[in-house]
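Inspection log for the structure reproduced underneath, given as structure tokens.
The values are calculated or read from the model by the stated rules, or taken from the named source; none is laboratory data. As the structure is a computational prediction, the values presented were derived from the model and not from experiment. Glycine also receives a Cβ, built like all others from the backbone with ideal geometry; neighbour counts cover every protein chain displayed.
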Amino acid sequence: MKKIAILCSGGDVSSMNAVLKRFVDYSIAKGLIPYFVNNGYDGLIDNNIYKAGYSDVAGIISSGGTKIRSSRSKRFKDIGYRKQAISNLKDHCIDYVVVLGGDGSFRGMQEISNESESIVFGGIPSTIDNDIAGTNYCLGVDTALNGIKYAIDSIRDTASSLGRAFVVEIMGRESGYLTLVSALTSGAEMCLIPEIPHNLDAYKKRFKKEIKQGREYFIAIVSEALNNTQEVANWLEKEVNIESRVIILGHVQRGGNPTVYDRLMAFHFATHTIDTILKEHKSFVTCYNSRGFEHKKIEDVAFKKSTIKDELLKLAMEYGDSK
Ligand code: ADP
């Protein structure tokens, strides 16, 4: 019987556990023996590899994070440690490896798959930032967006009761995707993302006019990449003359009970990845696009820059316009 292992690498996302559950159930159904690797690439190097069964995944579907832990492994960038990882996989007679992670993890996967020859690797894009090229969706995004939505809805209650401005900083590395979608779906008055230049003078003109017309509070959603959250709050106080507060959501965005959408996507990503692994003899990343699920070469995913779709960016541009 062929053996298939799974590991989580880089930042955790909600619904990794849902993938683990489907991975074990579907592998067994397909006649494979499932293995877990604890601690990501560090676990491969340290031989933290063990056979998994139904009891390992019982009841985990509803929790965020990952039961098999994740890691950022400096050692994995060193070919000597990757050789150790390959030797450990071969000792366990592992034929296939599924990697959950972001583009960094896939660059690591590219290296080890080139070096290990016979082992086939399949990647599942997992990052709340939704910033992986080649796929429209990454696991964890919907749960993160819903978490942000709850936070902003709560903040709005206070903003409207006290007549204040709140500047909410959204985590998302270099990508403004989460910031933009959160701003649009929570009715924010201001949205600052790295993809679009912003014009504070235009905002000032609009906000002053809106205050005259009866607006009593403001919600500003700002991307962490701009590194100017406090500055924006100071600007609102000084230029728009409204008391302002900063909220940094940070890692609150990452965890929590996975949404139905993320659980379902986890199910599909795991299924498609195992089906592809059994068909293909080359390593790949599973992607989700308008054509549905498909697999792509690792280099077409891990080494390209992702962009926000034009139709969303168009909406972002409306934000700064003076009306
Ligand atoms: P993400 O996968 O979320 O983008 P990182 O960029 O931190 O997260 O990458 C996760 C891990 O992938 C790193 O800690 C490292 O172990 C591995 N990795 C990243 N880039 C490379 C590379 N060029 N070569 C080998 N391993 C890499």
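Things to note:
- Conditions (1) surrounded by 19 or more Cβ atoms within 10 Å (Cβ to Cβ); (2) more than 18 Å from Glu224 (Cα to Cα); (3) in contact (Cβ under 8 Å) with a residue 40 or more places away in the chain; number of the one not met by Ser116: (3)
- Strands (runs of 3 or more DSSP E) (entirely within segment 1-51) containing at least 3 residues that are more than 18 Å from Ile277 (Cα to Cα) and in contact (Cβ under 8 Å) with a residue 12 or more places away in the chain: 49-51
- Qualifying residue in segment 46-61 (condition: at pLDDT 95 or above, within 15 Å of the ligand (Cβ to nearest atom) and of a type in the set (A, V, I, L, M)): no
- Enumerated helices (runs of 4 or more DSSP H) restricted to segment 223-323, each holding at least 1 residues that are modelled with pLDDT under 95 and of a type in the set (Asp, Glu): 310-320
- Hey, Phe106 in contact with a Phe, Trp or Tyr (Cβ under 9 Å, 6 or more places away or on another chain), among the aromatic types (Phe, Trp, Tyr) and part of a helix (DSSP H, G or I) or not: yes
- Residue under evaluation Gly80, criteria (1) small (Gly, Ala, Ser); (2) assigned to a helix (DSSP H, G or I); (3) under 22 Å from Phe23 (Cβ atoms), criterion not met: (3)
- Note on segment 119-134: residues that are within 13 Å of the ligand (Cβ to nearest atom) and either acidic (Asp, Glu) or closer than 21 Å to Glu280 by Cβ (or both) amount to 9.
- Per the listing Gly176, Gly172, Gly134, Gly147, the residue uniquely assigned by TED's automatic domain parsing to the domain that holds Ala266, among the small types (Gly, Ala, Ser) and under 22 Å from the mean Cα position of the chain (by Cα) is Gly134.
- Residue that is farthest from Ala266 (Cα to Cα), among those in segment 88-108 that are surrounded by 20 or more Cβ atoms within 10 Å (Cβ to Cβ) and within 8 Å of the ligand (Cβ to nearest atom): Gly108
- Scanning segment 70-87 for residues that are without any contact (Cβ under 8 Å) to a residue 40 or more places away in the chain and away from the ligand (no atom under 16 Å from the Cβ) turns up at least one hit.
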